[in-house]
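The values are calculated or read from the model by the stated rules, or taken from the named source; none is laboratory data. Just so it is clear, the structure is predicted and the values come from calculations on it, not from any experiment. Virtual Cβ from ideal backbone geometry, glycine too; neighbours counted across all protein chains shown. Only protein heavy atoms, including side chains, enter the accessible area calculation; ligands, DNA and RNA are left aside. Shrake-Rupley method; radii C 1.70, N 1.55, O 1.52, S 1.80 Å.
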Number of protein chains: 2
Amino acid sequence: MTATARQESKGSGPFKVVGTRTTRHDGVDKVTGRARFGADISMSGLLHGKVLRSPHAHARIRSIDTSMAEALPGVKGVATAQDFPIIRGQALDFSGAVSNARVTAEVILAHERVMYAGHAVAAVAATSPHIAEEATRLIRVDYEASRVERLGSGEDTSPGSNIASHIQLKRGDVEQGFGEAEVIVERELSTQTIHQGYIEPFASTAHWAPDGHVTIWTTTQGIFGVRASTSAILGIPESMVKVIPMEVGGGFGGKASIYLDPVAAVLSKKTGHPVKMVMTRKEVFEGTGPGCAAIMRVKMGADSSGRITAAQFWLAYQAGAFPGSSVSGGATTGTGPYNIDNFLIDGYDVVCNKQKTSGYRAPGQCQANFAIETVIDELAERLGMDPLELRLKNVVKEGDRMPTGVPFPYIDLRKLEETMKTHPHYSAPLEGPNRGRGVAVAFRGHGGQGAPATMNVNADGTISLITGAIDLSGTRTTVAMQAAEVLGLAAKDVILTVVDTDSVAQTGTTAGSRVTFEMGLAAIAAAQEVKRQMSARAAMLWEVQPEEVEFQDGVFTCNRSPAKRMTFKELAGRLARSGGPITCSVYAPSTGIGPSFAGNIVDVEIDPETGKVDILRYTAFLDAGQAVHPGFVEGQMQGATAQGIGWALSEEYLYTEEGAVANTSFLDYRTPTSMDLPMIDTVIIQVPNPHHPFGVRAVGEVPIVPTLAAVANAVYHATGVRMTRLPMSPGAILEALEAKKAQE
Amino acid sequence: MTATARQESKGSGPFKVVGTRTTRHDGVDKVTGRARFGADISMSGLLHGKVLRSPHAHARIRSIDTSMAEALPGVKGVATAQDFPIIRGQALDFSGAVSNARVTAEVILAHERVMYAGHAVAAVAATSPHIAEEATRLIRVDYEASRVERLGSGEDTSPGSNIASHIQLKRGDVEQGFGEAEVIVERELSTQTIHQGYIEPFASTAHWAPDGHVTIWTTTQGIFGVRASTSAILGIPESMVKVIPMEVGGGFGGKASIYLDPVAAVLSKKTGHPVKMVMTRKEVFEGTGPGCAAIMRVKMGADSSGRITAAQFWLAYQAGAFPGSSVSGGATTGTGPYNIDNFLIDGYDVVCNKQKTSGYRAPGQCQANFAIETVIDELAERLGMDPLELRLKNVVKEGDRMPTGVPFPYIDLRKLEETMKTHPHYSAPLEGPNRGRGVAVAFRGHGGQGAPATMNVNADGTISLITGAIDLSGTRTTVAMQAAEVLGLAAKDVILTVVDTDSVAQTGTTAGSRVTFEMGLAAIAAAQEVKRQMSARAAMLWEVQPEEVEFQDGVFTCNRSPAKRMTFKELAGRLARSGGPITCSVYAPSTGIGPSFAGNIVDVEIDPETGKVDILRYTAFLDAGQAVHPGFVEGQMQGATAQGIGWALSEEYLYTEEGAVANTSFLDYRTPTSMDLPMIDTVIIQVPNPHHPFGVRAVGEVPIVPTLAAVANAVYHATGVRMTRLPMSPGAILEALEAKKAQE
């Protein structure tokens, strides 16, 4: 990275649009209620689909009798897994998507066995959702109940065990490292199954036309992912499936999975009508993928100077009914902020009879970070060191290796940790009993996959920018801003449209904090190409050579003839009559998004009578690289922190003895409300990312990662009790306080 | 044009997709009723708009009192021309569209004066169309009636006359030419106002969001035209208007004009709701642009050999209430099939108090062709020559000049006329009294404006092709076929989507028979670019140089290593993991579409008791160049001929004494039904167009041009009466027969 590029990213640097707080492109549509979400689809002849779900957590399906349901007036069709060609072994083989798709198909409609309570077994299409629901109750399923698998100790790795896979990362010699340690801390900690907490339930409408073309209107994080899975499950080519994105009312990783789309499509094929399916909240809890529960054992040692000499993590993550937990996210993140010579990390993917888990913001990383940052806090205490001082003592820097072994590019975690340490919050007095302050720091690595963009110049000098990347968090605006920066335009003059799968090149799912970064790179590349074509047009109109045309601050000039001058808008108005409109489509390959770091300082007060935790003050720190839209970055930090607080204090799936989710509403599943949360202060550090021309880093996920541990450490400092199981509900804290009192 | 290219266009030539009769891409959607037309829009909060129209053909508007209408429960807003910023002089100045847009604004809502009966005066938005309609009747308009202008003789060209403009074309010396003539024929002929006969009335829904963005769902031939006019009339930048095309139920030139879009937008702004407006059939007749009526004087002379020595045409075309008839179309077409050394053509654009006319299939050309081909028929008769022999004697060839003076590129009208002359129909006996056979030949020149296209390669080896060109006649298929030809794919593997104005580069209106030709060129250019990128990718995967990769018949090979071989589909499946998807956007500049020729042979029988004309046999001939989809070309020929027969025999606007249209339904306005028409046989000649790589010519409009004269000539040969006024209704023929009988 050059000195200039670093300098550019100082925020008040050379940028005119990037770094400002422009109006959100989709704001008015959303606040006025005109934005159309998945459930807002209506069309003539529309039928409504409903799903029958298993009451058993594990059972063989002996038979399914749909005849009574089919006989109910208003019922137009019933579907089971047998209607999926991939289940019948008729799938085409393309895109390598089939093996994954086969699992997805079995999640979407159970085949021969149900694997969790709430597992979809059959679906009905009828003229009203009420009739469809009534009909599901008329379907007779003959179940033969089986033993229910829970998340076990994970130590049984024999072929008959419920461990699906094992990942191991190591460096150096942990035995030797622990031998060098003055202090060793060892803990077992656990987190429970949690929900992403998106407001909008899944909703999908499908129409299977008689010519075989399937159109799907759906709420999803990735239209091309829906297309690939649906076509594989239905055994038809991808190009026969057109996926039209609706606005998404929150995803957080959960809406990268699909549940309804192929079912609605099959029901449409059977009935000849479009079929709409909208989940209830109960179905979302019972039938879709939550974030993983985990059991983690962490052992870390440090010498008397505070140097961490060794770390050993044993992570068992609950995948649910089919393999695929986010344990690898946990395994590859934990030692991220620390330069440790000796570590051994074992991660286990454990199956059990619960919902197949799905991604949840920084998948797998919060759990591991909770465990490790708790132990780091304890290490500091045992060493008598300030916890941030211990972190600074071991801080990673450019050239050190990530847990995966890949060297860090230019980073400055020291700056973030020093900013935390010198922040007024860190030294403010706590004033009162039962109060404590916790800190935690987190790392997240980000890959990349590249992105396409299409760009057109309008006659009024505005730009149409076309993408297939779903906007979950304001990326219409942040991507448009980057194109505007290149072209000397205002952000509002770049109109970004998210189109359907037939209208744009294959675009990756909105996940991994990648859209502002990767669609940004594509938008910048397209804007550069537009600039090139516009300069050539100016040269043609001026009858000079293209290389004689310069473009700066939205104005074309000719370096040979100062009288020649045209604004971008003026030239745009002349395109139609001087050779036609300017258009381009580009594909920007991935440069690798790279690492991000976040930290939290939190003050809590515990009510010793009830065990309730009040968050008194919260400051979230993030290295955003160049913040494209600081307001949106703050929003990501505040939203992520709120989710992390819920995970730390109140959220968990409660299961009955029979393995069913007992708390399937937002009344019983306790996400924090505005009453539970303080104002979350934010501090953005801007260490430019050498992989992005403006220095942008990924900001969507890493802010949630340190929150669990930060709150848990604060609770410890308020109570003297290490809470090793989340959530730290009032009951759990009260119990821990009483146990401590009994010991004293 | 090279010999090879000429050879290629023989139909059974080297093409694999072009020239075949593939399945229509939009066929199933349309026959199953799922295709969504303008009136099919529904959304929450939708209001319905209705228009109040003038009962007067010409009047000053003293005042408009909307208070009673506004007070009606359910009424949410009322609009008049004063609500258009362009009328209030607040328009922005861009795209040079403002002066045209000002006229459009006054057509859409009358300003200070009404210019024809049916002229829109005000519009109401209400919670139901019935309330809106009731409210229009509560609007009090104080009119001061003025003198009504009809189509005059046109000879008064003084400033106070109703001649808006004059066009003149000449060559050589007509006086000298007529001096060389053996035979001179001179006739005055006329045609009446006629309707394009599209099935779907105009329909538009607009939503003006609080942030100023206007979204319009409309039935139109050109979304970018709607965007330009609407933004100019509303005084907002083009990029604030997004036009979403609905399927179009027929346009034929009529839907290149706009009527409802800015009105719905203004009503939406006033009410804060989306507003839908759908015309009744009566409104279509009263308030939208029909095809021009015309009075034409034709004088032509020939020497005894049949050489046409001179031609003089005087054409007065009715523009309606505002200037802009299609007289230039008439003036530039008439002598097209003939190589005439001396001609003088005067065309007059005449305003009068009728609907402002609009385009209608080959605008202005049918009228002039009717007049000229009638006179040619009479010349042949007077010379004792076969009418096709006379045409062949004067036939134009490559290098001769068009009426405009531009030299003809490679053409072969002789081939078309000889095909007509040797066709069995031409020599078949007529068998019976009151029967006659007519022929006519027509020329149409076509310009061009270029077109953009975006193309993406899907992982299953299909192609997404994105365009802004409205599909009126199956152009999704014919354009896709041309891309498929280049890429060695099947037509169905190229999925063409017509997207909205935000999602594609500025694209011209679907008019002038240009889409299959010009979007075809864009699709070919995009396919060539995809081929180039795919070859480069194959080279990368094979680790060879791009120039070592060859592509033929859908297969990539390496000329250095015969074992290296990948089909297009195989390579497409590897794109995602070898550098990302392939995408491109291109703009194909116009090559000039060039000339087309058509001819008709028709047999009729006249009922001497009723004057009714029965079409006994009809053969339509067309030089299509390379027919992309012969079935669609035949459809164009048959549809155009049916329209021409209606124009010739039964269609005309009837006006009351007060200037109102008296026949505002398809019961009273007589388009031909299936009962009126024979099977129309088609003969496609394929003379390759040197301006298109596959030799394609324009086929959409020219087939209607010869029909009026061919039918009139047949009627003459059946009755001995030259019918000089269209339509040749039973009453008109009976009257002419009686007049002839009285003379005998």
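Per residue, the convex hull around the alpha carbon atoms of chain A comes to 173 Å³.
Taken residue by residue and averaged, Cβ atoms of other chains lying within 10 Å of the Cβ of A:504-513 number 4. In the stretch A:175-329 the Cα-Cα distances spread across 5 Å bins starting at 0 as 2, 9, 14, 14, 13, 11, 8, 6, 6, 5, 5, 4, 2, 1, 0 percent of all pairs.
The mean number of Cβ atoms from other chains found within 10 Å of a Cβ in peptide B:582-591 is 5, as a whole number. Compared with the alpha-carbon gap, the fully stretched path from B:Leu654 to B:Met43 is longer by 216.1 nm at 0.36 nm per residue. Farthest toward the positive end of the dipole of chain B, out of B:Gly334, B:Thr271, B:His425, is the Cα of B:Thr271, where the dipole comes from beta carbon charges about the Cα centre. Taking every C-alpha pair closer than 8 Å and separated by at least 6 residues, the mean separation divided by the residue count of chain B gives a relative contact order of 16 percent. With N as its number of residues, the stretch B:394-484 has a Cα radius of gyration that, divided by 2.2 N^0.38 Å, comes to 1.75. Solvent-accessible area assigned to carbon and sulfur over chain B amounts to 50 percent, based on a 1.4 Å probe.
All other residues whose Cβ lies under 15 angstrom from that of A:Ala490 are scored, Lys and Arg at +1 and Asp and Glu at -1, for a net of +1.
Value of Rg to Rh for the stretch B:475-525, rounded to two decimals, is 0.97; Kirkwood radius and Rg both from alpha-carbon coordinates. Computed extension length for B:Val31-B:Gln168: 44.6 nm, one decimal, from 0.36 nm per residue of separation with the Cα-Cα distance subtracted.
Normalised by the number of residues in the stretch A:584-732, the average gap of Cα pairs under 8 Å and 6 or more apart makes the relative contact order 38 percent. Working from the Cα coordinates of the stretch A:246-334, the gyration tensor eigenvalues give, after taking √(5λ), semi-axes of 44, 13, 10 Å in decreasing order.
Take B:687-697, B:70-80 and order them by the average number of nearby Cβ atoms within 10 Å per residue, most first; the result is B:687-697, B:70-80.
Distance between the C-alpha centres of the stretch A:502-554 and the stretch B:117-143: 48 Å, rounded to the whole angstrom.
The alpha carbon convex hull volume per residue for the stretch A:497-578 rounds to 125 Å³.
Can you classify the stretch B:620-744 as rounded, prolate or oblate using the Cα gyration tensor, where a ≥ b ≥ c are the square roots of its eigenvalues, rounded means a/c under 1.5, and otherwise it's prolate if a/b beats b/c and oblate if not? Since a/c reaches 1.5 and a/b is larger than b/c, the shape of the stretch B:620-744 is classed as prolate.
Please state the shape class of the stretch A:307-353: rounded when a/c is under 1.5, otherwise prolate if a/b exceeds b/c and oblate if not, all from the C-alpha gyration tensor. Cα axes put the stretch A:307-353 in the prolate bin. Under 17 Å of direct C-alpha separation, and excluding same-chain neighbours fewer than eight residues apart, B:Lys282 reaches these lysines: B:Lys50, B:Lys255, B:Lys354, B:Lys356. Entry note, the stretch B:658-744: relative contact order of 11 percent, from Cα contacts under 8 Å with a spacing of 6+ residues.
The residues neighbouring A:Ile615, those whose beta-carbon lies less than 9 Å from its own, together hold a net charge of -3 under the Lys/Arg +1, Asp/Glu -1 convention. Pairing chains A and B buries close to 3700 square angstrom of accessible surface in total, based on protein heavy atoms and a 1.4 angstrom probe.
Computed over neighbours whose Cβ is under 13 Å from that of A:Val375, the net charge equals 0, Lys and Arg +1, Asp and Glu -1. One quarter of the surface of the convex hull around the alpha-carbon atoms of the protein assembly as shown equals 63.1 nm², the direction-averaged projected area. Per residue of B:33-42, other chain Cβ atoms within 10 Å of the residue Cβ number 2 on average. Helix-only arithmetic for chain A: the sum of -39500 (n - 2.57) across DSSP H runs with n ≥ 4, divided by the residue total, places the mean residue ellipticity at 222 nm at -8500 deg cm²/dmol. With the dipole of the stretch A:640-698 worked out from charges on the C-beta (+1 for Lys and Arg, -1 for Asp and Glu) around the Cα centre, which of A:His692, A:Pro678, A:Ala648 lies farthest toward the positive end? Working it through, the farthest residue towards the positive pole turns out to be A:His692. Spatial offset of the stretch A:210-266 relative to the stretch B:270-342 amounts to 50 Å, using the alpha carbon center of each. Decide, for the stretch B:609-683, between rounded, prolate and oblate: order the square roots of the alpha carbon gyration tensor eigenvalues as a ≥ b ≥ c, take rounded if a/c falls under 1.5, and otherwise choose prolate if a/b is larger than b/c, else oblate. Because a/c hits 1.5 or more and a/b exceeds b/c, the stretch B:609-683 counts as prolate.
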